[in-house]
């Protein structure tokens with residue numbers, strides 16, 4: 001059977017749990033599998049403006065990682081392509097937003113090795129926005145193109161000025177105007193100030209708790225830890241009730257599917273995001289499906305009978321005025 005991989009983002013808040021098999025959740029005590037969709041939909045407001053923000057990404061002959069406000073939103077460890085990336089979920093409020101991208105050589109590709117960038121290496125990132133309901137582009141800003149030559153003769157193809165190099169990083173900012181405001185990690189503490197060895201032990205313990213919760217298949221407990229993520233995502237995306245139901249059903253279908261099994265947490269590194277306010281454990285595997293993604297991974301059998309992988313993206317923080325780690329994204 002083939003192994004496919006799917007990734008989603010989750011917002012969880014774990015305040016405590018017992019050492020018993022059944023893990024009791026304190027966060028969102030009123031949330032259950034039966035009411036999570038209604039509770040989230042009740043928080044989706046009606047606005048006069050429904051602007052959705054995206055990144056338009058055109059990439060060729062390089063691998064990439066893209067961050068918005070120092071939160072990873074896109075990774076492509078293949079040869080490249082053209083895609084759109086929704087980013088409202090990492091825009092907490094109106095104002096200046098920062099986009100940063102990192103480029104790496106393709107490496108092994110179709111039996112050839114490309115240890116450095118080549119003449120055809122290119123990358124273009126553009127912030128765009130459109131009305132959620134009209135589905136038409138309203139504007140764009142911050143077009144950023146990796147450096148290319150500018151031949152005087154229009155018949156001559158430009159070549160990458162990165163050719164022969166092994167790394168490139170670019171960034172730009174754009175102004176976003178959104179009708180909502182999310183607290184998210186805006187008031188979280190700078191975790192880089194803590195003892196790194198102690199912090200890593202605490203982070204690993206929280207990841208192990210998460211793994212146990214999903215392995216338990218207790219949908220009420222899962223609903224409690226999924227609620228914050230889904231609420232923030234769907235509020236920022238002006239979701240319909242159908243959208244929210246579909247998102248919740250996706251998680252339920254994975255957890256309840258045959259051969260669902262959370263994988264051991266191993267081969268990882270601790271990484272900071274959001275200028276130190278978030279921390280996570282990401283895979284150090286060379287597998288392009290796992291590289292730099294959360295180590296919370298499960299295997300399950302999908303509706304086609306294929307063995308698939310599912311990655312639960314998990315970032316921890318310590319909210320202002322608190323001392324314990326919570327999962328915020």
Whole-Å semi-axes of the ellipsoid equivalent to the range 51-176 (Cα gyration tensor, √5λ, descending): 28, 17, 13
Acute angle (nearest 10 degrees) that the helix 241-256 long axis makes with the longest principal axis of the chain, alpha-carbon atoms: 80 degrees
Mean-position separation - Cα centroids, the range 57-102 and the range 283-328, in angstrom: 18 Å
The chain - share of DSSP beta bridges that are antiparallel (%, nearest 5): 90 percent
Simple label model, 7 Å out from Cα along Cβ direction - residue 288 to residue 86, nm: 2.5 nm
Of 71, 145, 87, the one that fluctuates the most in a GNM where the chain has Cα springs shorter than 10 Å: 145
Per-peptide average of other Cβ atoms within 10 Å, ordering 110-118, 224-232, 35-43, 316-324 highest first: 224-232, 35-43, 316-324, 110-118
Degrees between helix 219-236 axis and first principal axis of the chain (Cα, 0 to 90, nearest 10): 40 degrees
Rounded if a/c under 1.5, otherwise prolate or oblate - the range 196-253, Cα gyration tensor axes: oblate
0 to 90° range, to nearest 10: angle between helix 196-216 axis and the chain longest Cα axis: 70 degrees
Sorted by Cβ density within 10 Å, fewest first, the residues 122, 187: 187, 122
Choice from 198, 220, 70 showing the highest fluctuation, given a GNM over the chain with Cα pairs closer than 10 Å: 198
Inter-probe distance in nm under a simple model that places probes 7 Å from Cα toward Cβ, at residue 56 and residue 159: 2.9 nm
Separation of alpha-carbon centers, the range 228-263 and the range 148-214, rounded to whole Å: 24 Å
Relative contact order %, the chain, counting alpha carbon pairs below 8 Å whose residues are six or more apart: 25 percent
Full-extension gain in nm, residue 306 to residue 241, via 0.36 nm per residue minus C-alpha separation: 20.5 nm
Relative contact order of the range 51-176, pairs being alpha-carbon contacts under 8 Å that are 6 or more residues apart, as %: 30 percent
Contour excess over end-to-end distance, with Cα ends at residue 299 and residue 70 and 0.36 nm allotted per residue: 79.5 nm
Approximate spin-label separation residue 217-residue 38, in nm, with each point projected 7 Å along Cα-to-Cβ: 2.6 nm
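Read-outs: derived from the displayed coordinates by stated rules, not from any lab. Fair warning: this is a prediction, and the values are worked out from it, not measured in the lab. As a convention, Cβ positions derive from the backbone with ideal geometry for all residues, glycine included, and neighbour counts pool all protein chains shown.
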